[in-house]
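The values are calculated or read from the model by the stated rules, or taken from the named source; none is laboratory data. Please read these numbers as outputs of a predicted model, since none were measured by experiment. No Cβ is skipped: glycine too gets one built from the backbone with ideal geometry, and neighbour counts run over all protein chains shown. Heavy atoms of the whole protein, side chains included, go into the accessibility calculation; ligands, DNA and RNA do not. Shrake-Rupley method; radii C 1.70, N 1.55, O 1.52, S 1.80 Å.
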Amino acid sequence: EEQLKDPFIVPVENGCAFVPIYSRNYRVFLEDIKGRLIAGRTDYIIEELLPAERLFSKLYRMADKRLGYFLHRMNEKEAADDFKVGEMNDIALFLSSDAVDVRYRQKMYPLIVSFLQDHGREEIVEEHFLSLHNYDGLDSATISYIIDLNVMEDKYAKAYELLRAYNGTYTTGKCLLRMCNHLIGDGEEKADDFLLGICTRLMRKFLSSEDTIRFMNRYFIGPTADMLTLWQFALARQLETRALEERILTQMLFTENIDITSEAVFKEYERHRGNPMLMEAYVTFWSYKYMTERQKVPDAVFESSLHKFRQGDHLNESMRYALMKHLAGKSTLSNAEYKALDELVGEAVLRNVYFKFMRNMDHSLIVKYHLYDKLFAEYAGERGRHLVIRWQKDGGEIKQMDMIEMYRGIYLRQFVIFFGEQLYYEIYDIDAPDTVLQSETLVFSDVTADASFDRYNLLNRMQRELIYFNEKELLSDMKRYKRLEFVTDRIYSTL
């Protein structure tokens, strides 16, 4: 029978055998004189000796050994509510009896546990579970209950062993946290991936303690989102987080799974005087993104670069160009920022390195570095390509020349254009001359008053005045230009 560990074996006398049958799931076998088993259902007839259902209650009250009666009743129990309060002793007998099949008992555990919990009699099953040595075949809910039970009995090592060996999905967070606190507090100050996994699971449910956060802060490496959550918890508990910040930044950079939220970690790591090479790698990563992909970049990147630059520390190429671009795009600059931008642009111009953003910086620097007469055709793409630019000024002759790769994937050519002139250009890859990568029309219209004594600007002014018939201003600028030309010729003749 399904409910019993061992079969009933009874003799057949005069073609008849008396067999107790408790369950609906049973099988009858006949054994002949040669030991062969006969399982055919047509080889025997089953006849009820007593009307069990009618006499059951009376016989049950009279019986000294009630296990068989209780097993018979178990056929009707499909939910915890099917048990009765008067069956408490029978349940205890069912749990402790060696005659009951282990697999059947395991199948009934969830219903029994639920019933006893509903009636505040968990002690009946707790004693049984604490004495178990074999947990194979138990469902996850029962395993979780046993783990909780061992924790409540301060048997932390056994609870941890069960959790490692079986599926304890439904173990309560409160008991898991208590177990973790005990294991860590008992000197579990060494890396344990499984224990770290439990602590992480608890942290995701906002269950933590000083011990679990300290333990994870020291050893945990996992999904970046979890590491960031742990970092916030560790900061809240005022723990030393430098090593954790280093692991977070290293993982972000290695996987390139990094966004603007990393700024807070970087600033704290910088405050903790972290590894200079890692901090430079972080700033370089964002500087490269800023130059090539026009991404929004944490302010801390430029703050770090500017601080290092002012201290005289070395900035690599990406950091220098990104800082220069950042400062060039600011509408107002502090004295320190203006000085830094001046130095950065000066060094770039000496190396014949130009970028389109230089035309957006403070006008005094545009004049200082003679950028007022230049417009730029710039293209951002893949590194190491051979690009050419074809251009035509005011419908004239079409010309072609190579683009210069100023920075990794940023190609540029500069042109001198006077007021009112138009220059149309197209950029191609030398290997795909029929595909236009970028096209644009450049028009110079930036004639400013503060550069009026520059001969290039005077030429632009005169051309504009000629177009708009401003004869008086045109005559005045022509005289000024003639005087500048005369002085220039005399100086260069003397030299």
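Gain on full extension, evaluated as 0.36 nm per residue between residue 82 and residue 36 minus their Cα-Cα distance, stands at 12.4 nm. In straight-distance terms, cross-link reach from residue 339 covers every one of the aspartates and glutamates whose alpha-carbon lies under 20 Å from its own, apart from those fewer than eight places away in the same chain; here that gives 299, 303, 313, 317, 347, 362. Distance from the Cα centroid of the stretch 407-429 to that of the stretch 315-353 is 22 Å (rounded to whole angstrom).
Can you give the convex hull volume of the alpha carbon atoms of the stretch 285-340 per residue, in Å³? Could you put the intermediate results ahead of the total?
Details: hull volume 4.2 nm³, N = 56.
Value for the stretch 285-340: 75 Å³ per residue.
Residues in the chain average 58 Å² of solvent-accessible surface per residue, probe 1.4 Å, ligands and nucleic acids excluded. This structure gives Rg/Rh (Cα atoms, Kirkwood Rh), computed directly, and of [x] 1.52; [y] 0.94; [z] 1.35 that value is listed as [z]. Of the peptides 89-95, 163-169, the order by per-residue mean of other Cβ atoms within 10 Å, starting with the highest, comes out as 89-95, 163-169. Here the relative contact order of the chain, from alpha carbon pairs under 8 Å that lie six or more residues apart, stands at 5 percent.
Under 5 Å between amide hydrogens, built in the peptide plane, is the criterion, and for residue 440 it picks out 425 among residues at least 5 positions away or on other chains.
Against the main long axis of the alpha-carbon atoms of the chain, helix 317-328 sits at an angle near 70°. Over the C-alpha trace of the stretch 129-230, radius of gyration and Dmax come out as 13.6, 43 angstrom. At an R0 of 60 angstrom, the distance between the Cβ atoms of residue 435 and residue 107 translates into a FRET efficiency of 0.30.
Classify the stretch 106-145 as rounded, prolate or oblate from the Cα gyration tensor: take a ≥ b ≥ c as the square roots of its eigenvalues, call it rounded if a/c is under 1.5, otherwise prolate when a/b beats b/c and oblate if not.
Values: a/c = 2.33, a/b = 1.40, b/c = 1.67.
The shape class here is oblate.
Classify the stretch 352-427 from the C-alpha gyration tensor, please: rounded if a/c falls under 1.5, else prolate or oblate depending on whether a/b exceeds b/c. It is oblate, given that a/c is not under 1.5 and a/b is not larger than b/c.
For the set 214, 294, the ranking by accessible area, highest first and with no ligand, DNA or RNA atoms included, is 294, 214 under a 1.4 Å probe. So what's the gap between the Cα centers of the stretch 67-98 and the stretch 140-188, to the nearest angstrom? Each part's Cα centre sits 29 Å from the other's. Here the accessible area of the chain is 51 percent carbon and sulfur, with a 1.4 angstrom probe and all protein chains present.
Computed with a 1.4 Å probe on the full set of protein chains, the accessible area for residue 42 sits at about 130 Å².
For the chain, the mean residue ellipticity at 222 nm estimated from helices alone is -15500 deg cm²/dmol, where every DSSP H run of n ≥ 4 contributes -39500 (n - 2.57) and the total is divided by all residues, rounded to the nearest 500.
Quick one: which of 9-15, 325-331 comes out on top by average Cβ neighbours within 10 Å, and what's the full order, highest first? Don't jump to the answer; show the numbers that get you there.
On the way: 9-15: 8.0, 325-331: 16.9.
Ranked by mean Cβ neighbours within 10 Å, highest first: 325-331, 9-15.
Shape of the stretch 63-211 from its Cα gyration tensor (a ≥ b ≥ c, root eigenvalues): rounded if a/c is under 1.5, otherwise prolate when a/b > b/c, or oblate? In terms of gyration-tensor shape, prolate.
Show me the ranking of peptides 438-444, 174-180 by mean Cβ neighbours inside 10 Å, starting with the highest. Mind showing how you got there, number by number?
Details: 438-444: 14.6, 174-180: 20.7.
Descending mean neighbour count gives 174-180, 438-444.
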